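Right, one structure below, let's go through it.
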Amino acid sequence: MDLLQKVTALAKRRGIIFPNSEIYGGIAGFYDYGPVGVEMKNNLKKYWWKNMVDRRENVVGIDGTIITHPKVWEASGHVENFGDKVVECKTCHKRINVDELKKNCPNCGNSEFTEARSYNLLFQTEVGVIEGEKQKAYLRGEACQTIYLDFKNVVDSTRQQIPFGIAQIGKAFRNEVTPGRLTFRSREFEQWDMQFFVHPDEMEKWFKYWMDERMDFYKGLYRKHENLRLEQHPKDKLAFYAKDAYDIEYKAPWGWAENEGVHWRGDYDLTQHSTFSGKDLSYMDPKSKERYIPWIVETSGGVDRTFLMLLFDAYEEEDLGDGKTRTVLKIHKDIAAYKAAVFPLVGNKEEIVGKAREVFNMLSEDIKVVWDSRGNIGKRYRYQDEIGTPYCITVDYETLENGSVTVRDRDSMKQRRVKIEDLKEILN
Ligand code: ATP
């Protein structure tokens, strides 16, 4: 089994990621997060928000809708050219994205393909229920468009002045022709975006700044920095309006894979929306009184993709000797679903279970903890290792005597005894 298969199996087995509509045979490109996965994903989004919004005085957040006025997607260029070019293998009929095409079909090895065809990736829907009054609309193909739409409202309603950024985490939808590799290429996914509005003279400086900031962010998240790199887009692959673009990539089991793009968007977006809406989206500098269309540095990443790469980054199978192994997710402690698990050593001794409940209740006031009293301690450790819980706390007979518990560390597997009253400090 390769790492993708192992991670897919673990994700299913431990309630991290489930195929959507599985009882109906599934639907390609759609996934649900299970009880463990939803906690991790929420932590991941919180981690991003803290880094990008909370600790910065010059970035504010919004939460925009999935459906917008359909003209948005004409202005953005998506209706006309948001497509994938795909060829089909003439032997086995597998469809392959031209960007990923090698000499031979990865499925059957043959090398004859149909001409490339373009597909538009926007999902269409209708707003309104009365025939004749229904309006064609699109599910947003990228989350960032709502940021441009709200730009003027944010300027008018906050104390922000350029340079400043608007951040958002939200769903995007793409009718991908070749979804696959678990959530890597899905049809419904989440993006974390930040659009930073600058004076054109300062574009270079801020572009560089955000590239560094975003690399630092991913370095803080991943363990294996050798699997992380920043790649400049070749000039012939740039979007037509972009002067420069970099991808932050992580080495997935199938090769380098994009996590996030840092894009030089210039004045393209606000100019387009000004033209299509007829509304002036220029900005007047309150000090210099200069009026101009702000330029934009964009950082646009995938929440689900980062989540998947984190699983690759964290997954380890360790040899414990005597033919024993353990699977462990050495995931960042802020992202783990639970900070700690609380166990009563035995499930049938009332005093011990009662004391463990006290510990659980005390900790759960401000730390995310999980309870487990099933099976033997060894099995419970294995389970918590597989979902990446950093600490396991066991209440045992000695706890009843002196108020101490054992704390076992996920990575070193070392145990130590600590006082219950010191637990919060240790876990934080
Ligand atoms: P790709 O070339 O892989 O299709 P992209 O360059 O079209 O990606 P962007 O439009 O720049 O992607 O979107 C920003 C981010 O959104 C990407 O870096 C990626 O993390 C995420 N993303 C894009 N498409 C998908 C998808 N189909 N499934 C999951 N995440 C996606």
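The values are calculated or read from the model by the stated rules, or taken from the named source; none is laboratory data. These numbers come from a predicted model, not from an experiment. Neighbour counts run over all protein chains shown; Cβ positions are idealised from the backbone, glycine included. Just so you know, the surface numbers come from the protein's heavy atoms only, side chains and all, with ligands and any DNA or RNA stripped out. Shrake-Rupley method; radii C 1.70, N 1.55, O 1.52, S 1.80 Å.
Here are some notes:
- Restricted to segment 249-272, and to residues there that are charged (D, E, K, R) and under 24 Å from Gly77 (Cα atoms), the residue that is farthest from the ligand (Cβ to nearest atom) is Asp267.
- Top-ranked residue of segment 4-39 - restricted to ones that are aliphatic (A, V, I, L, M) and over 18 Å from the mean Cα position of the chain (by Cα), ranked as farthest from His332 (Cα to Cα): Ile23
- The one condition in (1) away from the ligand (no atom under 15 Å from the Cβ); (2) touching a helix residue (DSSP H, G or I) at 6+ places or on another chain (Cβ under 6 Å) that Pro106 fails to fulfil: (2)
- Of all residues in segment 281-311 being among the polar types (S, T, N, Q) and open to solvent by less than 30 Å² (accessible area, probe 1.4 Å), the one that is farthest from the chain's Cα centre (by Cα): Ser282
- Some residue of segment 156-168 being open to solvent by less than 50 Å² (accessible area, probe 1.4 Å), in the same structural domain as Asp285 (by TED's automatic domain parsing), part of a helix (DSSP H, G or I) and in contact with a strand residue (DSSP E or B) (Cβ under 8 Å, 6 or more places away or on another chain): no
- Taken together, Gly29, Gly37 contain a single residue that is at pLDDT 95 or above, open to solvent by less than 30 Å² (accessible area, probe 1.4 Å) and part of a loop (DSSP other than H, G, I, E, B), which is Gly29.
- Strands (runs of 3 or more DSSP E) enclosed by segment 42-148 - at least 2 residues per element that are surrounded by 14 or more Cβ atoms within 10 Å (Cβ to Cβ): 59-61, 83-88, 95-97, 117-120, 135-138
- Within segment 239-280, considering residues that are aromatic (Phe, Trp, Tyr) and part of a loop (DSSP other than H, G, I, E, B), the one surrounded by the fewest Cβ atoms within 10 Å (Cβ to Cβ): Phe240
- Extreme residue, most open to solvent (accessible area, probe 1.4 Å), among residues of segment 175-201 that are at pLDDT below 95 and near the ligand (Cβ under 9 Å from one of its atoms): Pro179
- The set of residues from segment 220-248 being near the ligand (Cβ under 9 Å from one of its atoms) and under 18 Å from the mean Cα position of the chain (by Cα) comprises Asp247, Ile248.
- The residues of segment 345-356 include none that are within 38 Å of the chain's Cα centre (by Cα) and without any contact (Cβ under 8 Å) to a residue 12 or more places away in the chain.
- Set Asp313, Asp236, Asp244: member being modelled with pLDDT of 95 or more and not aliphatic (A, V, I, L, M): Asp313
- Residues being more than 29 Å from Leu149 (Cα to Cα) and among the hydrophobic types (A, V, I, L, M, F, W, C) - total across segment 72-131: 11
- With a requirement of 3 or more residues that are within 26 Å of Ala314 (Cα to Cα) and either touching a strand residue (DSSP E or B) at 6+ places or on another chain (Cβ under 7 Å) or open to solvent by 20 Å² or more (accessible area, probe 1.4 Å) (or both), the strands (runs of 3 or more DSSP E) lying completely within segment 345-428 that satisfy it span 369-371, 391-395, 404-409.
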